């Protein structure tokens, strides 16, 4: 049974959406605590997020952006905001569908079904700004080509993609690759990082790994690196 998470602050609307989707055979999780919503959703890892934009604690735009930076979870925006600029902004941030309220239940169910079909078999895919990483095989898809990364390099890239533009500590990389922070020769990490950097450069990836003094490393755009 597919799981759908509903992010909607209006209780009656949330209950109505839950009822419609449950009757259609979906398992529903209602997000009523509107703090750290993206973290909740990433931990829950539903098959689809039904997201309102007008929320009291944080903009739905920010939630959509964070989800799409760190996962391949599909997002269907359902909102009363009917301006074209809002729709274009949401789609630019990675939203998969955009519907305005009020919306007939038949249309909602059709869009939900279409998005889920598009994502079938993609739950293991992690989306980056200009790439996809298959977390089962560590196949990297970029610029209409693909390459299977060695396991350690794949694990390192996975950590960077999950962190977005945030810095990743050496300890986090140790845990991801070797499952421990003890008795690890830092040279082993450097070797894997150097090889991954070379691979990304050969694939002409727009992002590159850079050191962050006193912390670890970040995966940032080449343009951003030039500005620093």
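Restricting to the stretch 46-70, name every residue that is free of Cβ contacts under 8 Å to residues at least 60 places away in the same chain and in a loop (DSSP other than H, G, I, E, B).
Quick first cut of the stretch 46-70, residues free of Cβ contacts under 8 Å to residues at least 60 places away in the same chain only: 46, 49, 51-65, 67-68.
Across the stretch 46-70, the qualifying residues are 46, 52, 53, 54, 55, 56, 57, 58, 59.
Go through the stretch 192-204 and report how many residues are in a helix (DSSP H, G or I) and surrounded by 13 or more Cβ atoms within 10 Å (Cβ to Cβ).
The first filter runs over the stretch 192-204 and keeps only residues in a helix (DSSP H, G or I), leaving 192-202.
With surrounded by 13 or more Cβ atoms within 10 Å (Cβ to Cβ) added as a condition, the list becomes 192-193, 195-197, 199-200.
Going through the stretch 192-204 one residue at a time, the tally reaches 7.
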Requested in this report: Among the numbered conditions (1) in the same structural domain as residue 51 (by TED's automatic domain parsing); (2) buried (at least 17 other Cβ atoms within 10 Å of the Cβ); (3) over 19 Å from the mean Cα position of the chain (by Cα), tell me where residue 93 comes up short.
Outcome: (3)
Query raised in the report: When you scan the stretch 78-184 for strands (runs of 3 or more DSSP E) that lie fully inside it, which ones turn up with 1 or more residues that are in contact (Cβ under 8 Å) with a residue 24 or more places away in the chain, closer than 29 Å to residue 54 by Cβ and in contact with a helix residue (DSSP H, G or I) (Cβ under 8 Å, 6 or more places away or on another chain)?
Result: 125-127
**Report entry** Which numbered condition residue 21 misses (of (1) assigned to a loop (DSSP other than H, G, I, E, B); (2) buried (at least 19 other Cβ atoms within 10 Å of the Cβ); (3) in contact with a helix residue (DSSP H, G or I) (Cβ under 8 Å, 6 or more places away or on another chain))
**Finding:** (1)
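The values are calculated or read from the model by the stated rules, or taken from the named source; none is laboratory data. For clarity, every value in this text was computed on a predicted model and none was experimentally measured. Positions of Cβ are backbone-derived with ideal geometry, glycine not excepted, and every protein chain shown enters the neighbour counts.
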